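**Q** Starting off with a structure, shown below.
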Amino acid sequence: MPGSRAFGDASVMLACDKRNRNKEYRGGVMRSWIKLAATAIATFVAVASASAQSPFPSKPVRIFVPYAAGGGVDILARTLGEVVSKQWGQSVVIENRPGAGGVVASQALIASPPDGYTLIVVASGHATNPLLYPKIPYDTFKDFTPISLLGSSPNILLVRADSPFKTLGDMVAQARANPGSLSFAHAGTGTSTHLAGELLKSLAKIDLNAVPYKGGAPAINDLLGGQIAMSFNNGPESLPQLEAGTLRALAVTTAARASLLPNVPGMGEAVPGYDTEVWWGLLGPAGMPADLVAKLSLDFVAALNTEPVKARLAKLGASPIGSSPKELEAKIRADYEKWGPIIKASGMKAE
């Protein structure tokens, strides 16, 4: 019937129109959602980008020092802190956290966020602590971010000014002729001065007795008093006595002569292969962003090259270095591997 056909055609047209309108509605909703999502993502990216680009530092930076105030590491950290503080326009706070040869301060560091606002200046003992302590609460290689090797200084083998030993060769000859007859003082088990003496024993193949003291100053006092024949000490402890003429330096503990005592032979001149020194490095917690590490390294290297820092280091008998993060990482690993056999052979354990 014609009317029925017309009615059917109209129904079909209405259904199609409804489907088209529904399709357009869904399409409009989808387009609105996509636009809203795109706007949200763009806003998030913009906020994140602005946050990432905010200048570092935007608040004070803490630097842990694992030793008491007034020592060489403390003086170095405070001197560098003053310089980078001026560069950054932010204060640098030095926190002394002595204990367990640096383990206490290192443990505090690794618990800090890897945002560059908490750092630590360590000495060369950082590399040997895992060899000396049966258990330490961190992984020396995985829980830190190396930033820069800051500086180094040789230790010095000292005797009294009236000692019969005029040269290192004299002392070695005596030790070989009478094994076990000579003793050397050092600043404590596992310290750089102790390791310096153990390395001499190993490479020169001589028998010396290592006598621990609670620091370098008491060791020098007994050396001056004639209670012990010789002592390994650092530069700041040694230089005043050398200048006063009360002590004599037989050698510095580096392969070649050092700038602080150019007339004193390097230990390596008489004992092939001998070369050791105290070094200091800047570390952060593990997981620091690469661009932040690069900035910190550049800023501290720049500070090391300023005249105030050079002058202060010279008074400590030290030389500035300033290295890449990879060079500091390599130094830590090299010292760990170098001292492992020496420490094991001596049987030394941290007190």
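The values are calculated or read from the model by the stated rules, or taken from the named source; none is laboratory data. All figures in this text were calculated on a predicted structure; none of them were measured in a lab. Ideal geometry is used to build each Cβ from the backbone, glycine not excepted, and the neighbour counts take in all protein chains shown. The accessibility values were calculated without ligands, DNA or RNA, using every heavy atom of the protein model including side chains. Shrake-Rupley method; radii C 1.70, N 1.55, O 1.52, S 1.80 Å.
**Q** Using 1/(1 + (r/R0)^6) with R0 = 51 angstrom and r between the beta carbons of K59 and S183, what's the FRET efficiency to the nearest 0.05? Don't skip to the answer; put the middle values down first.
**A** Details: r = 51 Å, r/R0 = 1.01.
According to the calculation, E is roughly 0.50.
**Q** For a paramagnetic label modelled at 7 Å from the Cα of A286 toward its Cβ, which residues of the range 316-351 fall within the zone defined by backbone nitrogen distances under 16 Å?
**A** 329, 333
**Q** Considering only protein heavy atoms and a 1.4 Å probe, what is the carbon-and-sulfur percentage of the accessible area of the range 67-144? Let's see the in-between values first.
**A** Details: 1760 of 3170 Å².
For the range 67-144, the apolar C and S fraction of the accessible surface comes to 55 percent.
**Q** Report the FRET efficiency, 1/(1 + (r/R0)^6), for N263 and K205, where r is their Cβ-Cβ distance and R0 is 25 Å, rounded to 0.05.
**A** Details: r = 28 Å, r/R0 = 1.10.
Efficiency computed from Cβ-Cβ geometry: 0.35.
**Q** Quick check on packing: order 156-164, 327-335 by the mean number of other C-beta atoms within 10 Å, highest mean leading.
**A** Details: 156-164: 19.0, 327-335: 17.3.
Ranking the peptides 156-164, 327-335 by packing returns 156-164, 327-335.
**Q** Counting only protein heavy atoms and a 1.4 Å probe, tell me what percentage of the range 192-320's accessible area is made up of carbon and sulfur. Mind showing how you got there, number by number?
**A** Details: 2970 of 5380 Å².
C and S fraction of accessible area: 55 percent.
**Q** Then there is this: Return one whole number: the accessible area per residue of the range 212-351 in Å², for a 1.4 Å probe. Please report the intermediate quantities before stating the final value.
**A** Numbers: 6640 Å² over 140 residues.
Value returned for the range 212-351: 47 Å² of accessible area per residue.
**Q** Per 0.36 nm of contour for each residue apart, how much would the distance between A302 and L224 grow if the chain were fully extended, relative to their Cα-Cα spacing?
**A** Numbers: separation 78, 0.36 × 78 = 28.08 nm, distance 4.06 nm.
Full-extension gain reported as 24.0 nm.
**Q** How do 242-252, 181-191, 262-272 rank on mean C-beta neighbours within 10 Å, highest first?
**A** On the way: 242-252: 18.2, 181-191: 21.1, 262-272: 16.5.
Going by the mean number of other Cβ atoms within 10 Å, highest first, we get 181-191, 242-252, 262-272.
**Q** Compute the FRET efficiency between Q174 and E82 as 1/(1 + (r/R0)^6), taking r as their Cβ-Cβ distance and R0 = 51 Å, and round to the nearest 0.05. Numbers along the way, then the final one.
**A** On the way: r = 47 Å, r/R0 = 0.92.
So the FRET efficiency works out to roughly 0.60.
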